[in-house]
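Values quoted throughout were computed directly from the atomic coordinates according to the rules given, and no laboratory measurement underlies them. Keep in mind the model is a prediction, meaning the values are calculated, not measured. So basically every Cβ, Gly included, is an ideal-geometry build from the backbone, and we count neighbours across all protein chains shown.
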Amino acid sequence: MPNAAAPAPEGSDRSVPLHVAIIMDGNGRWAAARGLPRAEGHRRGVEALRRVVRAAHELGVLYLTIFSFSSENWSRPATEIGDLFGLLRRFIRNDLATLHSDGVRVRVIGEREGLEPDICTLLNEAEELTRANTKLNLVVAFNYGSRQEIAGAAQRLAREVAEGKRDPASIDADALGQYLDAPEIPDPDLIIRTSGEQRLSNFLMWQAAYSELVFVPIHWPDFDKAALESAIAEYARRERRFGGLAAKTGS
Ligand code: FPP
């Protein structure tokens, strides 16, 4: 169950997070520092994404969630929005076959309404083609916002109550969690944000209740396997208590 912040099962390697989620920040600053257009930063961001998908699998991560377009990114200039949508189209068209043959299952979370029909078709195709893959789950958060996701879940529960199908007393954290975008995906163990900013920016706020947060100073286009390993090493040094007591000292 995704919202139960259950510790890793006994005997599993707790030093490697099952689920890593990444806020891929800093493409624009990476480009500006080099006198390049922001679009070039995003393009290099997709290259970093390819590296990191491979690295995550090699390191034993089973779920990788990436924040590719937030509900709030609509406030950017239309040209930049067009660039980001173009990159998503190209990423799926060019990389889907490789992802599939590498055993990657693609999942998409976020609001589909309001997206152009061809984007919806591509997202559906990616999910359908890779449905049976099990090596790595790549969860693409696209047109995603955590507040919107939680509000949507609340709306569905309210509708069930209004239709007489649900007792309001049955609404607890587990019930709400079941109406989030991907309830079967475990909560992220580790959330990484690049570029030095230290906030969640409306990303997986429900699911992050017990996630370890690691903020790295480098911009996303420079992120690579070594940077992922280093973030995972930092994660492995943390003591996760999930609201309980320390395992050894009991304090
Ligand atoms: C943040 O950098 C990054 C984004 C808003 C988009 C992330 C997108 C990619 C890495 C490429 C597209 C991904 C796919 C799957 C097609 P920023 O623009 O906010 O950088 P800044 O804070 O330095 O301006």
- Under unit Cβ charges (Lys, Arg +1; Asp, Glu -1), what dipole magnitude, rounded to 20 debye, does segment 98-196 have relative to its Cα centre? 100
- Message: Let me test this: with uniform point scatterers at the alpha carbons of segment 1-158, what is the Debye-based log₁₀ I(q)/I(0) at q = 0.15, 0.19, 0.20 1/Å?
- Response: -0.91, -1.35, -1.43
- Message: Within a 10 angstrom radius of the beta carbon, how do 75, 70, 201, 170 rank from fewest other beta carbons to most?
- Response: 75, 170, 201, 70
- Note on the structure: Over the chain, the sum of -39500 (n - 2.57) across DSSP H runs of at least four, divided by residue number and rounded to 500 deg cm²/dmol, gives at 222 nm -13000 deg cm²/dmol
- Extension length gain for residue 202 and residue 50 (0.36 nm per residue less Cα distance), in nm, is 52.3 nm
- Distance cut-off 23 Å, percentage of C-alpha pairs in segment 10-100 lying past it: 33
- Would you please give the residues with an amide H less than 5 Å from that of residue 22, counting only those at least 5 places away or on a separate chain, with H modeled from the backbone geometry? 65, 66, 67, 192
- Roughly how many debye, to the nearest 20, is the charge dipole of segment 28-177 about its Cα centre, given +1 on each Lys and Arg Cβ, -1 on each Asp and Glu Cβ, and no other charges? 580
- Working from the pairwise distances between different alpha carbons, so that the mean of 1/r is found and then inverted, what is segment 48-123's Kirkwood radius in Å? 13.9
- Message: I need 223, 203 ordered by Cβ neighbour count within 10 Å, fewest first.
- Response: 203, 223
- Task: Report, largest value first, the span of the C-alpha coordinates of segment 136-220 along each principal axis, in whole Å.
- Result: 52, 23, 20
- Task: Please compute the Cα-Cα pair-distance distribution of segment 96-251 with 10 Å bins starting at 0, giving whole percents from short to long.
- Result: 9, 27, 36, 22, 6, 1
- Once phi is turned into θ = phi - 60°, what whole-Hz ³J(HN,Hα) does the Karplus curve with 6.51, -1.76 and 1.60 give for every residue of segment 218-223, x standing for Gly and Pro? 7, 6, 3, x, 8, 6
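May I ask for the Rg/Rh ratio of segment 33-75, computed from Cα atoms with Rh as the Kirkwood radius, given to two decimals?
With Rg and the Kirkwood Rh in hand, the quotient comes to 1.08.
So if R0 is 22 Å, what FRET efficiency would residue 36 and residue 233 give, r being the distance between their Cβ atoms, rounded to the nearest 0.05?
Efficiency for this residue pair is about 0.10.
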- Task: Would you please give the residues with an amide H less than 5 Å from that of residue 137, counting only those at least 5 places away or on a separate chain, with H modeled from the backbone geometry?
- Result: 63, 64, 105
- Sorted by Cβ neighbour density within 10 Å, fewest at the top, the residues 109, 81, 192: 81, 109, 192
- Task: Calculate one ³J(HN,Hα) per residue across segment 109-123 by plugging θ = phi - 60° into the Karplus curve 6.51 cos²θ - 1.76 cosθ + 1.60, and present them in order as whole Hz with x for glycine and proline.
- Result: 10, x, 7, 8, 4, x, 7, 5, x, 5, 5, 4, 4, 4, 5
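Please compute one quarter of the surface area of the Cα convex hull for segment 128-177 and express it in square nanometres.
5.3
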- Message: In whole Hz and in residue order, list the ³J(HN,Hα) couplings for segment 149-156 that follow from phi through the Karplus curve 6.51 cos²θ - 1.76 cosθ + 1.60, θ = phi - 60°; x for Gly and Pro.
- Response: 4, 5, 4, x, 5, 5, 5, 5
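What FRET efficiency comes out for the pair residue 218/residue 76, r = Cβ-Cβ distance, R0 = 30 Å, nearest 0.05?
So, using R0 = 30 Å, E works out to roughly 0.85.
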